[in-house]
Structure formats: structure tokens, C-alpha cells
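Only one structure is covered here, and it is reproduced in the block below.
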Amino acid sequence: MLDAKQLDALAAVVEHGGFGPAAQALHLTLAAISLRIKSLEAELGRRLLVRGKTVRATAAGQALLAHVKQVRAMEADLLANLQGAGSVDGGAGSRAWQTLPVAINADSVASWFLPGVAPVLARHRLLLDIVIDDQDHTHDALKSGDVLGCVTTLAEPLRGCLAEPLGVLRYHGVAAPALARECRDSQGRLSIHQLLAQPAIIFNRKDALQDTYLEQHFGLRQPPYPRHYAPSVEAFDTAIALGLGWGMVPAHTLAARRDKAEGAFEELLPGATVDVALYWQHWARESPSAQMLTAAVKQAAGKLD
């Protein structure tokens with residue numbers, strides 16, 4: 001049987017970034033925290049933390065932390081149900097708020113994820129702790145135990161998880177009308193040489209959509225081109241609208257911007273798209289609250305098709 005105090009110490013060290021902050025959070029001495037971690041490592045025969053300037057969990061430590069978070073989520077659900085059953089009305093308003101950490105790509109958050117899960121969050125007093133990351137990397141947070149679910153491109157389930165298909169986000173290469181004209185030849189056809197002479201708007205350094213677009217439709221593998229980095233959806237769209245560069249946007253963004261009097265987007269090569277298949281990866285053993293979130297995510301993703 002795992003010792004709850006030792007597990008709390010491990011979680012606190014990772015969550016607070018060190019032994020000292022963990023000791024303060026748990027109102028213990030530094031020696032007590034260190035002893036609990038060493039005892040847990042000795043009992044399991046595995047190193048759980050990599051100690052250094054920054055403390056991080058080993059693979060075994062990450063697996064244990066995922067277990068701790070699952071247990072905490074289930075305990076929170078149990079307490080909420082008990083409190084609700086003991087209240088006068090037994091309704092959701094008497095339940096304590098519960099936080100569910102998730103990792104989502106930026107294009108999904110506002111377009112379909114939040115609108116789709118909002119009713120469930122309000123009805124069951126659930127709070128989201130959203131980690132924004134590229135869809136090719138969100139599963140890293142699930143693997144480390146930092147979140148209970150993620151929207152990802154990874155179709156292969158992580159250990160102890162399920163991967164459920166959500167649908168496809170279709171991306172188009174776009175630019176402001178004036179910049180789009182600069183990327184075309186005298187016959188109005190897109191010139192790849194003129195396109196590569198213009199800056200691209202990139203969400204962050206993990207964003208590979210432009211490279212995928214150039215490889216799929218022009219046979220170019222990671223060619224050099226100037227880049228702006230704009231790590232927010234609003235800044236990204238604004239940079240394109242201002243003519244600072246071209247970029248990849250989902251179909252719903254292109255539809256909303258195509259005919260705008262100001263800030264319009266023009267498709268660079270009509271019909272040339274990049275399809276990104278998305279999956280909801282989540283723990284196989286879920287708390288009731290997490291199960292409700294999973295059901296809401298799967299229903300909301302119907303808007304992707």
C-alpha cells in the first residue's frame with residue numbers, strides 16, 4: 001500500500017518546483033520532505049526525481065504522479081457527491097468546485113472546445129486548467145501526468161490511456177489580399193519563389209503547419225523563409241490581416257475573414273489544404289467528472305467534420 005503522505009510530498013515537490021517550496025506548501029521541514037521522498041523511492045526501488053537546479057520527475061515518477069492525480073480526482077468526486085447528498089436540495093450548487101487540467105491546441109480552444117464543454121462545466125461546477133500547446137505536443141503533458149486529457153494528433157494511445165478520434169481540422173494557406181497579390185505572377189498564379197520571399201506567420205517554434213503545406217503541395221522539405229512568431233490566436237490573425245506575412249488558418253477562420261471589408265484573408269492556392277486529424281487522449285480510469293468532460297468533448301467535436 002502506497003503511503004499517502006509520501007505521495008503528497010512527491011506531488012508537492014514537482015508541482016512547486018523544489019523541496020523548499022514543497023516544504024512550505026505542506027507546512028513541513030525540508031528534512032521531512034526529503035525523508036518522505038527517499039522512503040518512497042526505497043520502498044519502490046526506483047528513482048522518482050531528478051535532482052538539480054530544477055527538480056523533475058523521472059518516468060517512474062511521472063507514472064506515480066498520474067496515479068496520484070487520478071486518485072485525487074476520484075476523491076474530489078466522492079466528496080462532492082457526499083456533500084451534495086447531505087444538502088437540503090442535493091443540487092449541483094452545493095457541490096465544491098473541481099479543477100480538471102487539460103492540454104489543448106490554441107485553434108481548438110475557442111473554436112469548438114470551450115463552446116462545446118461550457119454547459120457541462122457550468123452544470124457540474126467544473127473548472128478547467130488549460131495548457132496551450134501545439135497539437136503535436138499536447139500529449140507530453142498527459143504522459144507526464146500534468147493533465148487528465150488532451151487534444152492531440154497522436155492516434156496511438158499512451159500507456160493507461162484511450163485515444164478517441166474527434167475529427168479533422170482543415171487548414172488553408174492565406175494572406176491579406178495585397179500580400180497575396182505580391183505572391184502571384186503576371187498570370188495571377190501563385191509563385192512559390194515569391195511566396196518564400198515573404199515572411200510567414202508562425203504560432204510558435206513547434207508549429208510545423210507551414211512546412212507541411214510547402215511539402216505537400218510544392219514538394220519542398222523545410223525550405224528557408226523569413227518568419228514572424230505570434231503565439232496567440234488573436235495576434236496570429238492580426239499579423240496576417242496587417243499584411244506582415246502569410247500563414248495557415250483553420251477553415252472556420254478563413255470563412256469568417258474571406259469577405260470582411262477590413263482584415264480580409266485571401267486563400268493563396270485554392271483547394272490546397274492541410275488536414276490535421278485530432279484525437280482526445282485521456283486516462284482509461286477516469287473520475288465521474290472527467291467522464292462527463294470526455295463525453296462533452298466527443299460531442300462538441302462533431303463540429304469539426
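A few remarks follow.
- Unit charges at the beta carbon, dipole of the stretch 97-305: most positive-side option, 120, 145, 176: 120
- Helix-only CD estimate at 222 nm, as mean residue ellipticity for the chain, using -39500 (n - 2.57) per DSSP H run (n ≥ 4): -12500 deg cm²/dmol
- For the peptides 133-143, 152-162, 106-116, the ranking by mean Cβ contacts within 10 Å, running from highest to lowest, is 133-143, 106-116, 152-162.
- Just so you know, the Rg over Rh for the stretch 143-300 is 1.06, from Cα atoms, with Rh as the Kirkwood radius.
- Label zone (residue 256, point 7 Å along Cα-to-C-beta; backbone nitrogen cut-off 15 Å) within the stretch 193-235: 232-235.
- Near residue 128, the amide H atoms lying under 5 Å from its own belong to 100; only residues 5 or more places off or on other chains count, and H is placed 1.01 Å from N.
- Assigned charges on the beta-carbon of Lys, Arg, Asp, Glu; the stretch 254-305 dipole about Cα centre (debye): 260
- Put a dot 7 Å past the Cα of residue 5, heading toward its Cβ, do the same for residue 58, and the two dots end up 2.4 nm apart.
- Percent of Cα pairs in the stretch 4-57 per distance bin of 5 Å, from zero to the largest separation: 4, 24, 35, 26, 10, 1.
- Segments 182-194, 272-284 sorted - mean Cβ within 10 Å per residue, highest first: 272-284, 182-194
- For the chain, the percent of C-alpha pairs falling in each 10 Å distance bin, counted from 0 to the bin holding the largest distance, reads 6, 22, 25, 22, 15, 8, 2, 0.
- FRET efficiency, residue 16 to residue 47 (Cβ-Cβ, R0 22 Å, nearest 0.05): 0.65
- Placing R0 at 35 angstrom, the Cβ-Cβ distance between residue 204 and residue 264 gives a FRET efficiency of 0.90 after rounding to 0.05.
- At full extension, residue 185 and residue 32 could sit 48.0 nm farther apart than now, given 0.36 nm per residue minus the alpha carbon distance.
- Sequence-distant lysines (8 or more away, or on other chains) whose Cα lies within less than 24 Å of residue 53: 38, 143
- The share of C-alpha pairs in the stretch 176-230 whose separation exceeds 19 Å stands at 28 percent.
- At q = 0.19, 0.20 Å⁻¹ the log10 of I(q)/I(0) for the stretch 238-305 amounts to -0.83, -0.87, computed by Debye summation with a single uniform scatterer per C-alpha, solvent ignored.
- Magnitude of the charge dipole, the chain, Cβ model with Lys/Arg +1 and Asp/Glu -1, debye to 20: 620
- Under 5 Å from the amide H of residue 56 lie the amide H atoms of 50, each residue being 5 or more positions distant or on a separate chain, with H modelled from the backbone and absent for Pro and chain starts.
- Modelled spin-label separation between residue 110 and residue 74, with each label point placed 7 Å from Cα along the Cα-to-Cβ direction: 3.9 nm.
- Cβ-placed point charges (K, R +1; D, E -1), dipole of the stretch 4-57 about Cα centre in debye, nearest 20: 200
Throughout, read-outs are computed from the coordinates displayed, never taken from laboratory work. Every value quoted in this text rests on a predicted model; they were computed, and no experiment measured them. Cβ sites come from the backbone with ideal geometry, for glycine too, and all protein chains shown count toward neighbours.
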